[in-house]
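These notes concern the structure reproduced below.
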Amino acid sequence: MILKDKVAVIYGAGGGIGGAVARAFAREGAKVRLTGHHRAAVEAVAKDIVSAGGSAEAAEVDALNEEAIDKHLQSVVGKAGRVDISFNAVGIPDAKLLGVPLVELDLEHFSLPLTGYATSYFLTARLAARRMIANKSGVIMTVSALHSRTGLPLVGGYGPAQAAKEALTRDLSAELAPHGIRVVGLRPQAMLETRTIKNAFEPRAKATGMTWEQWQQMLASRTHGKRLMTLEEMANVAAFVASDKASGMTGTTVNLTMGSLDD
Ligand SMILES: NC(=O)c1ccc[n+]([C@@H]2O[C@H](COP(=O)([O-])OP(=O)(O)OC[C@H]3O[C@@H](n4cnc5c(N)ncnc54)[C@H](OP(=O)(O)O)[C@@H]3O)[C@@H](O)[C@H]2O)c1
């Protein structure tokens, strides 16, 4: 168990990536503290983990609200004594953000992913780091996407938002690594089990005259192995990166695009 007794807080834990990472962390022995802004989804994940023998607690926390994040961390540290891992897997809803050409996009919809993702990542990282500095140890993680490094049409402010997350990962690491805190991002390719991918790509497939199945094959054909990653494969990498086995890794985003995007 590479995360035995580590205390991990996960934001957006009711979602596809957050839920898979929570399960993988718990399988590796971590005590997972799951948060989301709708309690039911997070509680369902916590229940699964506890019935499989893991340690999980669920809480309603808006990951864009400084006071709520701080209060929750206070209670985690109050009970467990520390926080070892902070993982931000929040997904800003894509409705009205994708599918509109940039020349037709209004400022509000362009800005929403930029301010939303940057705000949430900044707040969750900063508030966790304040606790981690005291222990001279910790790992802060988030998830980006290949849009950070590839020009793609009809994605509005989503690409710049992913690039901002990766820049913040580097800058946080530059400041926090001297305090014993590692900061690492994950950049997965599309994982087909998630609702995000279907919601984001199905309309684009239709608009280009492709079926959803043809679109999936097109995405897979861009990887070296001609297949897309599963949630479990991504979550296993997340657990390794969060563990002490990755002690030499900080200030970087792990390219999980399986060859779709060269380094
Ligand atoms: N899925 C993929 O294959 C993939 C690939 C690359 C990158 N990504 C990126 O990874 C992130 C997560 O993706 P996902 O597929 O896991 O998305 P998801 O299934 O939609 O999960 C996102 C989670 O974030 C929660 N959330 C949204 N706003 C929140 C807030 N203010 N406070 C707390 N929780 C909040 C959602 O809660 P509610 O459901 O209750 O609103 C949901 O549980 C996104 O940035 C996505 O773009 C995903």
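Nothing in this text is a laboratory measurement; each read-out follows from the coordinates by a stated rule. Remember, predicted model here, so these are calculated numbers, not experimental data. Cβ atoms come from the backbone with ideal geometry, glycine included; neighbour counts cover every protein chain shown.
Tabulated data
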quantity: The stretch 145-229: mean projected area of Cα convex hull, nm²; calculated: 6.8 nm²
quantity: Share antiparallel - DSSP beta bridges, the stretch 11-91, percent rounded to 5; calculated: 0 percent
quantity: Residue of THR119, THR208, THR223 that the Gaussian network model of the chain assigns the largest fluctuation, springs spanning Cα pairs under 10 Å; calculated: THR208
quantity: Dipole-positive endmost among GLY81, PRO93, TYR158 within the chain (Cβ charges, Cα centre); calculated: GLY81
quantity: Dipole magnitude of the stretch 158-239, debye to nearest 20 (Cβ charges: Lys/Arg +1, Asp/Glu -1, about Cα centre); calculated: 240 debye
quantity: Reachable lysines, given that their alpha-carbon falls under 16 Å from the alpha-carbon of LYS6 and they are not under 8 places away in the same chain; calculated: LYS31, LYS79, LYS136, LYS245
quantity: Cα-based Rg / Dmax (Å) for the stretch 139-179; calculated: 12.1, 40
quantity: Extension reserve of the GLN217-LYS136 stretch, reckoned as 0.36 nm per residue once the Cα distance is removed; calculated: 24.6 nm
quantity: Principal-axis tilt of helix 195-207 within the chain, Cα atoms, nearest 10 degrees; calculated: 10 degrees
quantity: C-alpha long axis of helix 66-80 to longest principal axis of the chain, angle in °; calculated: 40 degrees
quantity: Under 15 Å from LYS198, Cα to Cα: aspartates and glutamates that are on another chain or at least 8 residues apart; calculated: ASP94, GLU213
quantity: Segment ARG126-LEU152, extension gain: residue separation times 0.36 nm, minus the distance between their alpha carbons; calculated: 6.3 nm
quantity: Calculated P(r) tail over 33 Å for the chain, as whole % of Cα pairs; calculated: 17 percent
quantity: DSSP-loop trypsin sites (Lys or Arg not before Pro) across the stretch 35-143, with at most 10 other Cβ within 10 angstrom; calculated: LYS136
quantity: The stretch 170-241-the stretch 1-45 distance, computed between alpha-carbon centres (Å); calculated: 18 Å
quantity: Cα centre as origin, Lys/Arg/Asp/Glu Cβ charges: the stretch 1-49 dipole, Debye; calculated: 80 debye
quantity: Magnitude of the charge dipole, the chain, Cβ model with Lys/Arg +1 and Asp/Glu -1, debye to 20; calculated: 580 debye
quantity: Helix 212-221 axis, angle to the chain major axis (alpha carbon atoms, nearest 10°); calculated: 70 degrees
quantity: Computed lengthening from THR230 to LYS79, 0.36 nm per intervening residue step minus Cα-Cα distance; calculated: 51.0 nm
quantity: PHE240-GLU60 pseudo-label distance in nm [points 7 Å out on the Cα-to-Cβ vector]; calculated: 3.9 nm
quantity: Whole-number D in µm² s⁻¹ for the stretch 1-78, Kirkwood Cα-pair radius fed into Stokes-Einstein, 20 °C, 1.002 mPa s; calculated: 178 µm²/s
